[in-house]
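Accompanying notes for the structure given below.
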Amino acid sequence: MAHAVQSQGMVRWLTVLVLLLVVALLGAVVWKAWPLLFPQAQQVAQVVPGCDLHHGPCVARFDTGGSVTLSITPRPVAMLAPLALEVRLDGLAAERVELDFQGREMFMGYNRRQLMAQEPGLYRGEGVLPMCVTDWMTWEATVLIETDEGLLAAPFAFVTERPRP
């Protein structure tokens with residue numbers, strides 16, 4: 001009987017130890033991945049007033065110079081449809097350009113696309129917005145530009161509506 005009690009105590013101790021190791025490992029993974037998933041921008045551009053990605057390209061300008069033009073087609077921008085993504089940079093030299101989609105009202109998952117250089121200052125790629133359970137969703141499409149000086153961000157907002165059956 002005493003041996004069984006000692007075995008149960010050992011099993012509990014090992015279980016606690018394993019759980020602590022798992023929690024520590026998960027913490028380390030989150031700590032390392034956080035900057036990749038949620039990068040901090042050195043500068044954030046201001047979108048030119050009147051921007052509407054449903055009607056055409058939009059421009060955002062940085063206070064220190066340079067601008068970003070974002071175009072998403074087809075228009076209007078819809079959920080669950082293949083999207084052509086195009087970014088034009090003026091006065092900016094990029095090492096890498098990505099477009100990150102995030103829902104403002106609710107978390108819609110990780111949705112970031114790397115855009116490929118077509119020519120100097122022109123980047124293209126494809127993407128898709130997931131379907132939302134609500135009738136409409138405000139999205140923030142943030143152009144992330146890696147430069148020698150650090151990360152630049154240009155956030156563009158737009159709203160999608162769920163298609164009616």
[x] 1, 8, 18, 20, 18, 13, 9, 6, 4, 2, 1, 0, 0; [y] 2, 9, 18, 24, 22, 16, 7, 2, 0; [z] 1, 8, 15, 17, 15, 11, 7, 5, 4, 4, 3, 3, 3, 2, 1, 0, with the label sought being that of the calculated P(r) over Cα pairs in 5 Å bins from 0, in percent: [z]
Compute the length gained on full extension between Arg112 and Val22: take 0.36 nm times their separation in residues and subtract their Cα-Cα distance, giving the result in nm to one decimal. 29.6 nm
By the rule of another cysteine's Cβ lying under 4.7 Å, the cysteines of the chain that fail to get a partner are Cys132
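Read-outs: derived from the displayed coordinates by stated rules, not from any lab. Note that the structure is a prediction, hence the values are computed from the model and not measured. All Cβ positions, glycine included, derive from the backbone under ideal geometry; neighbour counts span all protein chains shown.
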